[in-house]
Amino acid sequence: METSKPIYSKVDPPEGYSSPGLFATSFDKVIGLARSNSIWPLPFATSCCGIEFMATMGAHYDLGRFGAERLSFSPRQADLLMVMGTIAKKMGPVVQQVYEQMAEPRWVIAVGACASSGGIFDTYSVLQGIDRIVPVDVYVPGCPPRPEQIIDGFMRIQDLVAHEPLRRRYSDEYREVLIKYGILKKQ
Ligand code: SF4
């Protein structure tokens, strides 16, 4: 008789101590496990890379397998800003405002050459990489990147989220990054 395969996969438990009927780990590892498997992305798609993202969300590639099927078009309910496409300098303040409206903790992926570095558009009007206006956690190369590459970038974010110490967002180093970008005021 043919045995059916499970249609879901379980995530691995975090590091910890186990014995029959007992599993103990630290609080930040549990939070990291939950957060990394329930990321709500905000897609900021301006051009062709956005089309690749649509394929990434479709049934074949199915980003929902990673717990990220719930896209958020409100920055206030989003964890991950995904910038996909050419960002004109005039649009820069809008991207920064969207980032500022996201609650902490928040992460950013620059998807494709345009978002990462301006791509082929080395012109006066195009921002030469979104890291000039917001801090970026992961860069996905390609023009355009294939859905597999976008998924790989997403999995790198999951890794960062799972291992981020809970206190990182309160650290002086993180404050300094936000001050450098003009997102926090120096006191
Ligand atoms: S990186 Fe290439 S595919 Fe992506 S938005 Fe720029 S020109 Fe289009």
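Count of region 16-27 residues, restricted to those that are farther than 27 Å from G64 by Cβ, free of Cβ contacts under 8 Å to residues at least 24 places away in the same chain and not small (G, A, S), is 4. Of everything in region 23-75 that is closer than 20 Å to V98 by Cβ, small (G, A, S) and more than 16 Å from the ligand (Cβ to nearest atom), the residue that is surrounded by the most Cβ atoms within 10 Å (Cβ to Cβ) is A68. Give the residues of region 90-141 that are closer than 14 Å to L42 by Cβ and in a helix (DSSP H, G or I), sorted by residue number. Once the filter is applied, which keeps residues that are closer than 14 Å to L42 by Cβ and in a helix (DSSP H, G or I), region 90-141 yields V94, V95, Q96, Q97, V98, Y99, E100, Q101, A115, I130.
Within region 54-67, residues that are polar (S, T, N, Q) reach partners that are buried (at least 17 other Cβ atoms within 10 Å of the Cβ) with beta carbons closer than 7 Å, at six or more positions or on different chains, in the pairs T56/L63; T56/P147; T56/I150; T56/I151.
Summed over region 135-172, residues that are over 30 Å from P13 (Cα atoms) and exposed (fewer than 13 other Cβ atoms within 10 Å of the Cβ) total 2. Among residues of region 134-150 that are closer than 16 Å to T86 by Cα, those with a beta-carbon under 6 Å from a residue that is more than 9 Å from the ligand (Cβ to nearest atom) and among the small types (G, A, S) at least six positions away or on a different chain give the pairs V136/A110; Y139/A110; V140/G153.
Give the residues of region 142-161 that are assigned to a helix (DSSP H, G or I) and charged (D, E, K, R), sorted by residue number.
At the first step, the residues of region 142-161 found to be assigned to a helix (DSSP H, G or I) are 147-161.
Residues satisfying the conditions are E148, D152, R156, D159.
The set of residues in region 162-186 being aromatic (F, W, Y) and not in a loop (DSSP other than H, G, I, E, B) consists of Y170, Y174.
Here F44 meets the list (1) within 19 Å of Y139 (Cα to Cα); (2) in a helix (DSSP H, G or I) almost entirely, failing just condition (2).
Can you tell me which residue is farthest from G50 (Cα to Cα) among those in region 106-131 that are surrounded by 15 or more Cβ atoms within 10 Å (Cβ to Cβ) and away from the ligand (no atom under 16 Å from the Cβ)? Once the filter is applied, the top-ranked residue is R106.
You will find that of V11, V83, V94, the residue that is closer than 18 Å to R106 by Cβ, away from the ligand (no atom under 16 Å from the Cβ) and either loosely packed, with under 14 Cβ neighbours inside 10 Å or not hydroxyl-bearing (S, T, Y) (or both) is V94 and no other.
Throughout, read-outs are computed from the coordinates displayed, never taken from laboratory work. Small disclaimer: the values here were computed from a predicted structure and weren't measured. Positions of Cβ are generated from backbone atoms using ideal geometry, with glycine treated the same way; all protein chains shown enter the neighbour counts.
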